[in-house]
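As structure tokens, the structure follows; a few thoughts come after it.
The values are calculated or read from the model by the stated rules, or taken from the named source; none is laboratory data. Note that the structure is a prediction, hence the values are computed from the model and not measured. We place every Cβ from the backbone using ideal geometry, glycine too, and count neighbours over all the protein chains shown. These area figures cover heavy atoms from the full protein model, side chains too; ligands, DNA and RNA do not enter into them. Shrake-Rupley method; radii C 1.70, N 1.55, O 1.52, S 1.80 Å.
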Amino acid sequence: EGKFGFAGAFNGSNSQITTSTNVPITGSFSISLWIKQVGSDYTRTGTIVDFGYNSSPDMFLWIDNGIVRLSHPGGDYYYTSATTQGVWNHILITRNASNTTSYYLNGSLDSTDTGWTTNADHEFTIGYSPIRNSGSSGRLAGSIDQVRIYDSALSAANVTALYNEIECPAVAVTNAFNTVLYTGNSGTQPISTVGFKPDLVWMKSRNTGNARNPIIFDSVRGVTKYLKTNTSETQATLSTTLTSFNTNGFSIGSSAALNENNSNWVAWNWKAGGTAVSNTDGTITSQVSANADAGFSIVKYTGNGNTAQQSYGHGLSSAPELLITKNMDTATQGTNSWVVGGTLLGNGGYIFLNNSNAKATASSYNGNKVPDSEVIYTSGTSDLVGNQNGINFITYCFASIPGYSKVGSYVGTGGNQTIYVGFEPRFVLIKRATGGSLNGWVLSDSKRGAGINLFANTSGAEVNETAYGPTSFTSSGFTLAQAGGNTNISGSTYIFMAIA
């Protein structure tokens, strides 16, 4: 939890943010940020930001027993006042064209420094100094939030405005997601408790001994057309499956795949944008149903066979953090045809939805380029979510919306821990991304109750065991059990998506 929403949490041993961004700091410049240290972290030394990645003389901002220090080509400069332990402290440094540097702490001028100049084109890191990695000032133990860099000097009024900044309240997102439970009747029935007309329905049988595949329907591909998230099978059509999307839910037919008599089922429902529209933002025209307010869209496109990097529009107002893509037409991707990527997994990073494998990285995935605020990139004609000529693809896109949804990651502790998301979740998807023996995709929701979990990559029944998923949903996140199980093994990295 940060000063505003989320913060970067640095553990003092291996946490870091390394960018490829050059920050030219010749002439006037300013940097503003918030920092908090608690307990023994407060007495440690550690880099806050480093401007001089592999350069000499280096320039970096660091903290030592609560005192902020700036090392620069002119020497080593100390703040005269100490930060306060256990609370957020605002740090702002600004230098004007006359080479006078002013140091502010919590909105007030602390001191000034003169007479030094800087080099240009320094790479920028946060919480970490690559030159001092092994030294006492190398890595920070604590939290950093709202790092801002300016190519000009800031006035005292600017400093006050930054110090007095408030977090805008989250915009309420309604009628965008809901979980419903129902019992099969082997006939036909409407499921009318969703509360809105869904565009995506992901459903799974819950009963022990009733091995049914988790299946997905969406309004862009159309009713009766489904995909199984635990297999690489192509799209199938069956007239007795989901037969219509209705004002308050959906209707189903007699197929045992979703309506076996007396069996219990769960359906997770998302609202996109209704009827898909043509999107020409990328090099490939896509059909998009988007709900930008809820950070969710459904995208269908057809490959054009171009071997160069291609792109297609997603319809959201920010870059999708999580993408789930399926080749609908062929089995050329073998057993790994559901591919999960997005900004969360980084350039070339992906995980398969239909198995329990770890995160992998390949330059052939989306051309080793994460999506941006307009388009998703594809990688020529590679089988790894590529651009095969005439092949149809479907992509589900998710972006975090404060107060409604959060796509993120955490590191398992092996002990009880709470994952902060900023709201009370009603749905949580978790996948272990690193480690030894990997685990599957955990699906948890508040309707069935915390500790009762299904898996997106298997046909098995739900498991009532807290070690496999969240033990509770809190007003600001979800808790994980000490036992570890699927979701809290010490040292392993997990990705997750939570929805209110």
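Out of all the residues in the stretch 458-470, which are modelled with pLDDT of 90 or more and crowded, with 22+ Cβ neighbours inside 10 Å? Passing the criteria: only 470.
May I ask you to list the residues in the stretch 69-99 that are part of a strand (DSSP E or B) and in contact with a helix residue (DSSP H, G or I) (Cβ under 9 Å, 6 or more places away or on another chain)? Result: 90, 92, 94. Filtering the stretch 138-157 to residues that are touching a strand residue (DSSP E or B) at 6+ places or on another chain (Cβ under 8 Å) and either assigned to a helix (DSSP H, G or I) or open to solvent by 60 Å² or more (accessible area, probe 1.4 Å) (or both) leaves 148, 149, 150, 151, 156.
Do we find that residue 33 is within 30 Å of residue 418 (Cβ to Cβ) and either assigned to a strand (DSSP E or B) or among the β-branched types (Val, Ile, Thr) (or both) in this structure? Yes: the conditions hold for residue 33.
When we screen 431, 447 for residues that are buried (at least 24 other Cβ atoms within 10 Å of the Cβ) and among the basic types (Lys, Arg), the only hit is 431.
Taking the criterion of being over 25 Å from residue 290 (Cα atoms) and surrounded by 18 or more Cβ atoms within 10 Å (Cβ to Cβ), the residues of the stretch 179-207 that qualify are 182, 184, 205. Across the stretch 327-380, the number of residues qualifying as modelled with pLDDT of 95 or more, more than 21 Å from residue 435 (Cβ to Cβ) and open to solvent by less than 20 Å² (accessible area, probe 1.4 Å) comes to 3. Selection within the stretch 1-41: residues that are among the polar types (S, T, N, Q) and over 26 Å from the mean Cα position of the chain (by Cα). The member of this set that is farthest from residue 403 (Cα to Cα) is 26. Taking the criterion of being among the hydrophobic types (A, V, I, L, M, F, W, C) and either under 15 Å from residue 481 (Cα atoms) or modelled with pLDDT of 90 or more (or both), the residues of the stretch 410-445 that qualify are 411, 419, 421, 423, 427, 428, 429, 430, 433, 441, 442, 443.
Taking the stretch 52-103 on its own, how many of its residues are over 23 Å from residue 115 (Cβ atoms) and free of Cβ contacts under 8 Å to residues at least 40 places away in the same chain? Selection size over the stretch 52-103: 4. Considering (1) farther than 30 Å from residue 443 by Cα; (2) out of contact with any helix residue (DSSP H, G or I) (no Cβ under 8 Å at 6 or more places or on another chain); (3) not in a loop (DSSP other than H, G, I, E, B), the lone condition that residue 178 does not fulfil carries the number (1). Taking each residue of the stretch 482-500 that is under 24 Å from residue 405 (Cα atoms) and at pLDDT below 95 and looking for partners that are assigned to a loop (DSSP other than H, G, I, E, B) and open to solvent by 50 Å² or more (accessible area, probe 1.4 Å) with beta-carbon atoms closer than 6 Å, six or more apart or interchain, yields 492/434; 493/434.
So how many residues does the stretch 208-220 have that are open to solvent by less than 40 Å² (accessible area, probe 1.4 Å) and at pLDDT below 95? Qualifying residue count, the stretch 208-220: 1.
Among the residues of the stretch 221-231, write down those that are open to solvent by 30 Å² or more (accessible area, probe 1.4 Å) and either over 22 Å from residue 185 (Cα atoms) or of a type in the set (A, V, I, L, M, F, W, C) (or both). 223, the sole residue that qualifies.
Among what's in the stretch 385-410 and is of a type in the set (S, T, N, Q) and more than 15 Å from residue 421 (Cα to Cα), pick the residue that is surrounded by the fewest Cβ atoms within 10 Å (Cβ to Cβ). Only one residue tops the list, namely 389.
Within the stretch 14-51, the only residue that satisfies the criterion of being open to solvent by less than 40 Å² (accessible area, probe 1.4 Å) and among the acidic types (Asp, Glu) is 50. Pairs are defined by a Cβ separation below 6 Å, a sequence spacing of at least 6 or placement on different chains, a first member in the stretch 443-471 that is under 18 Å from residue 213 (Cβ atoms), and a second member that is of a type in the set (Ser, Thr, Tyr) and open to solvent by 20 Å² or more (accessible area, probe 1.4 Å); the pairs so defined are 453/468; 461/208.
Residue-by-condition table, conditions (1) assigned to a loop (DSSP other than H, G, I, E, B); (2) over 13 Å from the mean Cα position of the chain (by Cα); (3) under 18 Å from residue 173 (Cβ atoms):
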| residue | (1), (2), (3) |
| --- | --- |
| 406 | no, no, yes |
| 409 | no, no, no |
| 415 | yes, yes, no |
| 422 | yes, yes, yes |
| 428 | no, no, yes |
| 431 | no, no, no |
| 435 | yes, yes, no |
| 438 | yes, yes, no |
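Just checking, does the stretch 278-295 include any residue being touching a Pro at 6+ places or on another chain (Cβ under 8 Å) and not in a loop (DSSP other than H, G, I, E, B)? Looking through the stretch 278-295, none of the residues is touching a Pro at 6+ places or on another chain (Cβ under 8 Å) and not in a loop (DSSP other than H, G, I, E, B). A search for C-beta distances below 6 Å between a residue of the stretch 363-375 that is within 21 Å of residue 300 (Cβ to Cβ) and any residue that is hydrophobic (A, V, I, L, M, F, W, C), counting only pairs 6+ apart in sequence or on different chains, returns 365/384; 371/319; 372/319; 373/319.
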